[in-house]
Structure formats: structure tokens, C-alpha cells
1. Residue by residue through the range B:432-463, note down the ones that are in a strand (DSSP E or B) and farther than 15 Å from B:GLY339 by Cβ.
2. Of A:SER156, A:SER146, which residue is surrounded by fewer than 19 Cβ atoms within 10 Å (Cβ to Cβ), hydroxyl-bearing (Ser, Thr, Tyr) and under 20 Å from A:PHE91 (Cα atoms)?
3. A:GLN323: within 14 Å of another protein chain (Cβ to nearest Cβ) and polar (S, T, N, Q), yes or no?
4. Quick check on this structure: which one of B:ALA338, B:ALA385 is more than 30 Å from the chain's Cα centre (by Cα) and over 19 Å from B:ILE309 (Cβ atoms)?
5. What single numbered condition from (1) buried (at least 19 other Cβ atoms within 10 Å of the Cβ); (2) within 10 Å of chain A (Cβ to nearest Cβ) fails to hold for B:ALA110?
6. The conditions are (1) in a helix (DSSP H, G or I); (2) touching a residue at least 24 places away in the same chain (Cβ under 8 Å); (3) within 14 Å of chain A (Cβ to nearest Cβ), and B:LEU189 fails exactly one of them. Which is it?
7. So which residues in the range A:233-284 are within 9 Å of chain B (Cβ to nearest Cβ) and among the hydrophobic types (A, V, I, L, M, F, W, C)?
8. Only one residue in B:ALA432, B:ALA383, B:ALA387 is modelled with pLDDT of 90 or more and under 18 Å from B:VAL463 (Cβ atoms), so which one is that?
Amino acid sequence: MELLRSSTVLRWMLAALGVVVVLSVLQELARPETIDLVSVGTAESTLRRAVPILLAGLGGIWAERAGVVNIGLEGMMVLGTWFGAWGALEFGPWWGIAIGIAGGAAGGLLHAVATVGFGVDHIVSGVAVNIVAPALARFLSGEVFSGRSGGGITQSPRVDSVGHFDLPFLSGGELLGWRTPDMLGWTADQNWLLASDIAAVLSGITSSLSWATLLALSLVPVSVFILWRTPFGLQIRASGEHPVAADSLGVSVYRMKFTAVVVSGALAGFGGAFIAIEQTGVYREGQVQGRGFIGLATVIFGNWQPVGAFLGSLLFGFADALQLRDRTAVHALLLLAGVALAGLALRALLKRRHGSAVLLASSSAAVLWWYAVTDEVAGELPPITPHVVTLLVLVFATSRLRMPAANGLRYRRGQE
Amino acid sequence: MTTGSATPAAVELAGITKRFPGVVANDRVDLRVAEGEIHAVVGENGAGKSTLMKILYGMQTADEGRMLVSGNEVQFSSPSEAIDAGIGMVHQHFMLADQLTVLENVVLGAEPTRRGVIDYDSARRHLDELGISYGLDLHPNDFVESLEVGERQRVEIIKVLYRGAKVLILDEPTSVLVPQEVEKLFGNLRELKARGHTIIFIDHKLEEVLAIADTITVLRQGRTVATMASDQVTAAELAELMVGSELPKPSTEPRVADQHVTLSLRSATVTGDDGRPALEAVDLEIHRGEILGVAGVEGNGQGELIEAILGLRHFAGGELFLDGESITHWPVRHRREAGLGYVPEDRQRRGLLLDAPLWENVVLGHQTQPPYARGQWLDRSSARAAAGTILSDFDVRAPGVETSARALSGGNQQKLIIGREMAARPRMLIAAHPTRGIDVGAQAAVWDELREARREGMAVLLVSADLEELIGLADRLVVMLRGRITAELDPTNTSPRLLGSHMTGASVDDQGGVG
């Protein structure tokens, strides 16, 4: 068992290494030149941008594993941003995180009461949450933030973040008051083939790491553990797969669904609070920007598994980070997409699916041609890169995706 | 507490009554199951077997009556209480989550833990022990979705044993199994019995019941008819007890059929949902002005027959003709436009949009034809008018055509559907269980309409579980068993008893001996 687990870890590390290698090769090949595919800044920014999406994704997994579609994640994140900022303003950043979580959980509670308690359609209730939450935030801003300096009906005064740290030795963090050497940073600056690139990515992940980021990342294994190793988690999953069966074995299906949806809201609330407190340092209206929905996409992308959602959020975070930093880097991604499509075409050919092979090969050719004849992608493209990437992945992966069998269905005890 | 026996019965039900709106599912039912026996409860569909078992398993509560388990009076308000009392149930439709493993399904709700974490190792050991001692071989880490039906059933049985059940209820366990799997199941059941478990076995296949059961209780229309030892009864006697002959007879009329064949099936083969053939080489002819009755225990291919004729299911082989024209590959809409009418078995799910107004429901299925449509557009006003005519002609009691279908009683919903189909003057009318679950008055009205259809020269295919209805209305009867037509009978000299024995496959040779 221990051996198996360490080999899983090894596999993941190898996969991550593979990604870095591919990207650094791409960086070398790309014309015009780009320096941002693998850099300290991109890695750091990727992680930071991935966290809220990851938290929304985990929230989606909790709810959907219990059989409740939570399209209200977006609204719950909005509640998280407002309450997070307010809490941080009044009591300090950690309290802000906690109060943001509570705000999101309140949104989850509303959704749970409607869907589980009253049997309202999950989408209807979720949309309602998404409509009510921003309105509530605006109303509360008017009541609370308006009078203060820097505050108004659409934004709060600035708030402090929870603080960050550098890992000792690896990224030059302090240990017992002694400033350790920044080994990764130094290696990254050496311009060694590959080694510097790997060091740059690791340095980006391990330096100025927010404590809140660390907490959010830890929720991935925690969710896996609770959902797959505890009776509570098994009962939640059974409620989303076959509630009638679970009920017939004495599982309190309503309670499971209720709890899972509230946890879902709490996670989304954390995501919102993270945006307000860690990313922007302010509550601003509309700052969630659809990350709740993107989180839902990572749920599907990740096949309803926390680790999968984490990978999905990294993909979004990466695309998001790139489009902000460097448009030529997005252009370089075209090369990657073209090569990947060519690979898929080859696979389809080997599997004798000629129709898909032709389609994939011609898409590949089109993308590569686009890459060859342009130096820069159109300004509209970078912001939608994350969405395009997910769309492509979903199109090619759907046959192997399995959502919980009773997801989105209304469950009424005693009715079959 | 128990009278007349030294050891208390494993389960004793006395005077159990359960009413649903408009129906009495169980009417003072008595059932006494001795410890360590295999006790079969038989009866037709709707005889109240499943309701009785749901009451015993705590899924429903009885309105009246007493339950005793091992001599102690009990009252269950949920399955977990029944489980605590040592009663387990293997449901007809498996209660298994496909995407969970065998082990997860088994331990669900009764997880062994160590420091808050599910102790899968000890659960796996326990499951292996059970598997070995009862001959129920299973791989704990398999996902349920990858299992065959027989294996799923074994998971269900293990699930029940894992919770320490002494009394096992199996609800029509053989209905989903192929013969070899049935043999295996019976082996498992005998093993369980040998180890002191008590088994209550719900079924309506008489050979199986006689092969496995020690004692048999027959239910009919919610009442206990008889309880006897299985070696003192024949299949034919059981069939007679199950079917009875107490229903009011729908009256017959002289035959008006002529030689013209309206619908014919030639060696039709249809694949069922499980991939096995649900219809095999069925030949059928229905004449103008004739009611052809199809008898059979539910699930022997009647549903697939209807779906194939309507075009809801593809033919794997054979051909279908309407008035001599092959319509084998026509889409549903063309068939309906050509004159197929359909009264579905489940009127609320297949026959109506419950939340749509009556006039829209009347348009359904005829949306391309006048008076409901003019070109590509719905003609709303004449559709409303036509709906109004149907309401009055067919005595549908409703406030008006804007009422939603949900607001109507079952009988009026059925009259609306029949009116809708009849108003389109089909050449061929298919009626599946047209009087199921409706009150006596509506039943008589439905019968009248079917006779009217016959008088007007429609060909009518009537599938029903109500044998009196079949014998009373049909001009000819065919019996379906395992996807084949196994008998054709003349209703004028057929009794429900004879029909019942054909339906259950009990040999006709038995008949002479019993008569």
C-alpha cells in the first residue's frame, strides 16, 4: 500500500516534469521568441490564479458527488468576496477568510434548503443564488463600505492579505532568523538547458507562497480523504449515485446532501475570499468574473475527482497567467495545439477511425498554418484561451467521463 | 402470542391491510413463515405481493394488522429497523450504485471503522468469509457496473447477509435471470436454508416456485387465498388459485371480423434492453373488425411487441405490414399518420403531458394532421374545438380544455387518451392494459369504446393482464411466453384457469388430471 502510494507520487512527478520539458522545448522552438512559457513569474501567477478555480471546483465536486448540481457556485463566490473583504477589514485577513467561508456556506445553505428541502430544480435554485448574491453584495456595500475612505457602493477599502513565505533553502526563505540561500532562484538564472526551466517553475511555486494558497491546496487531499476513506464520504457519494439504495440501507440521504451542499458553498466562499483578500486586496463588484462556472468546468474536466479538478484549475490558471503576461506566449501555444492535434490524428488513424483522423489532421494543419503566418494572436483570443482549451479537452475526453448517476435529480423519499 | 405451534414463526403477519388512494393493496392478509423454510408468495401482478413485502421490510407502513418476528411484535418505520430485526430484502430492481465498488456497496450504511476511517481490510475479510461459506463468489474491488446481472444479485444477497439478516426477502429474483443463473441462485438459496436462514420468495413462475419452495402462499387481489405445502399442489391448481374467476365479465358480442388483414407481422425478431431477443420469430395477423387479445405474464415480450409495431423499437428481423404495405422501416410519425392508434400502458408517462392543458394533450401524436394543424402551423382554435368535442363525446369529466391533464382522475385521463386516438379514426388501435388502475365506471366506458372500435372496422390489439377482460372482449387470443407466441386460443371456450396455465408455461397435460 505504501509502495503503491509512493509510486503514484512518482508518476505524478514524472508527468509534471514532462509538462515542463514540453513547455521548455516549445519555448526554445517558438518564433517569435517568448520567455514566459516557463518562468518564475508564470509559475507563481499560474498557482495564484488557479486557487479560486480549484476551490470552486472542489465545491462543485462536493455538491455533485452528493447528487446536487451547484450552478450557484458563482454567487457563493461573490458572497465570499464581499464577506471576506468585510471580515478582513474589520478583524484582519484570517478572520476575513473565515467570514468569507461562512458567507459562501450561507449561500450553500440557501441552495440546500431549496433543492434538498423543497425539491426545487437545481438549476433554477442555482441561478437564483447567482442573481441574489451580487444584489446582496451591492446592497451591503452601500450600507457598509460607502462612508469609508476608498470604499463605495461597488468596492471596499483596501484590505491586508494573510501574508506569505519563501521556502527555506529552496527559495531563500528565512529559518530561525537566518536568510537561507535561494537555490532555485539561482539555478533559474543560470540559463542551463532544462535545469533552469525546472528550477524556475519550482521557484515560482515555492517563493512568496501565500499561507491561504497552502491551505487551499491542502483541501485537495483532505477532500479525497473524506470522500473516499470515511463512512461520511461513502454515504455522500452513495447519495449521489443511488439515493434510493442508500436510503434503503439506513443512510440519511437528505442530511448527506444538505451537508455536502453547505460544504460546497463554504469552499466557494473560500475561493471568493481568496480573490478579494489575496489576489486583489479589495472587494470590487464583478471581480469573480465567471470563475465559479469555470470551476464547474474543471469538475467535468477532472471527472468528478479532486485531483482532476486541481489539474483543470492549473490549466486555467496557466492560460490565464499567460494571457495577462505575454501575448507571444499564447501564440506559442498554437504550435503546441497543432502538434497535439497531429498526435491525436495519428492515434485515430492507428485505431482505424478514419473520419476523426481526417478531421484532426486538417485541424492540426490549420492551426500550424495559423502559427506559421502570424507573429501574434488576435487580442480577443488570449482571454478565451482557457475556455477553448477546456472545450477541446471535454470534446476529446467525454466518452470516459462519468458523472454521479443521480446527479441533478430531485430526490423525494418514498417516491421512485 | 402464537397459537398452535411450539416454536414461534420466523415471521408472522396477521390481518395486514394497506390502502392507497382508490385501491386496497392488501386486505387483511395473513402470512406465517416458519423458521428455516423457503416460503414462496405467489400471485398475479397487482395481487399485493410487493406491497406486503415492503411493509415487512419497513419501506411502507400497514394501515392495520400486526407483525411478529420470532414471536415478538414489531413495527418498522424504516428499512434500517427491519435490518436491525434481522430482516433483509433483495429488491427486484437492484439497489446498487453502479459506480461504487462491490465492497463499497456492501458496507454502505454499516461501515466498519478504525479511527474514523473505513476499515476496508476487515470489511473485505468479512465479505470473503461470507462468500466462501455461502458459495457466493465475488471480487470486492470490482465496480458494480462491470458485473453481470447474476453477480449483481449475489452482491445484493451478500449485502443482506453482511448485515446479519436471518430472514431474506427476495422480490421476483428470477425475473432478470437466464436459466443457468436461476439454477445457481437456487443453489445459493438451498445453502442459505441449510445454514438456518429463512427465505421469503416472491414469484409468479410456477415451475420455479414448485422447485424451490417448501411452502406456498397464494395472494389474489390483495387477499390471502391459500397456504399449502409445495408437495401437495400442482402447477395447474396454483394457476387457478392465482387467477380466480370472480371478476365481473365484460360481455361479448358476435364476431364482425372479415378476412381483410389490417396488420401482420412476419417472423418478427426484436432485441430487448438487455441485448437478448425479446421477441423471437413472431407471426401475427390482425383482421379488420377484430380484437386480438395478447395474454402473458408481464415481461414476456408484450411491451417489445407494441414498441416494435409503433416504431419505437427496431426490428432485428422480420417484417411488418399495414394493409399489405410494408412499414417495417417507417418512422413513428409516418406510422401514426398511416393510421396506428396507441393507448399506452403508462398513461401518465407515455400518454400525457401532465402539466399541459387538455387541448394540447389531444393534439399530441396528431400534430401534423387536421383539424389540429394547417400546413406547418398548429390550428389552435380548431384544436380547442376538437378537444371540446372529445371531452363531450367520450364523457371526460373536466372543467374545460384548458385544464391541465394532471387535474383529471385516472379514469378520465384514460378516457381522454382513448378519445384522442379514436377521434383520429385509426385503422389499427393498440391498447396496452387499457383498464389498469381505473375505477369500475371508467372501465366499462373503455370496454364500450373498444367494442365500438371493433364495430367500426378497426383492428384492435389488446394487451392485458386482466384475463377476464381478454376473454370477454377478444375475438381471438394468443399467449406470449419468453418472446414467442406459444398458444392461440378461442376465447369462447377458454377459462382463466386454462389461460393462466398457458401463461405460466404449466403443462396443459396437468389440466386433465385436475379438472
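The values are calculated or read from the model by the stated rules, or taken from the named source; none is laboratory data. Source: prediction; values computed, not measured. No Cβ is skipped: glycine too gets one built from the backbone with ideal geometry, and neighbour counts run over all protein chains shown.
1. Within the range B:432-463, the first condition is being in a strand (DSSP E or B), and the residues that meet it are B:432, B:459-463.
If the condition is that a residue be in a strand (DSSP E or B) and farther than 15 Å from B:GLY339 by Cβ, then B:ALA432, B:LEU462, B:VAL463 are the ones that fit.
2. Numbers: A:SER156 fails: surrounded by fewer than 19 Cβ atoms within 10 Å (Cβ to Cβ).
Every option except A:SER146 fails the conditions.
3. Details: within 14 Å of another protein chain (Cβ to nearest Cβ): no; polar (S, T, N, Q): yes.
Here the answer is no, as A:GLN323 does not meet what is asked.
4. On the way: B:ALA338 fails: over 19 Å from B:ILE309 (Cβ atoms).
Residue meeting the stated conditions: B:ALA385.
5. Of (1) buried (at least 19 other Cβ atoms within 10 Å of the Cβ); (2) within 10 Å of chain A (Cβ to nearest Cβ), only one is false for B:ALA110: (1).
6. Every condition holds for B:LEU189 apart from (3).
7. Kept after step one, since they are within 9 Å of chain B (Cβ to nearest Cβ), are these residues of the range A:233-284: A:233-235, A:237-238, A:240-242, A:244-251.
Across the range A:233-284, the qualifying residues are A:LEU234, A:ALA238, A:VAL244, A:ALA245, A:ALA246, A:LEU249, A:VAL251.
8. Working: B:ALA383 fails: under 18 Å from B:VAL463 (Cβ atoms); B:ALA387 fails: under 18 Å from B:VAL463 (Cβ atoms).
That would be B:ALA432, the only listed residue that is modelled with pLDDT of 90 or more and under 18 Å from B:VAL463 (Cβ atoms).
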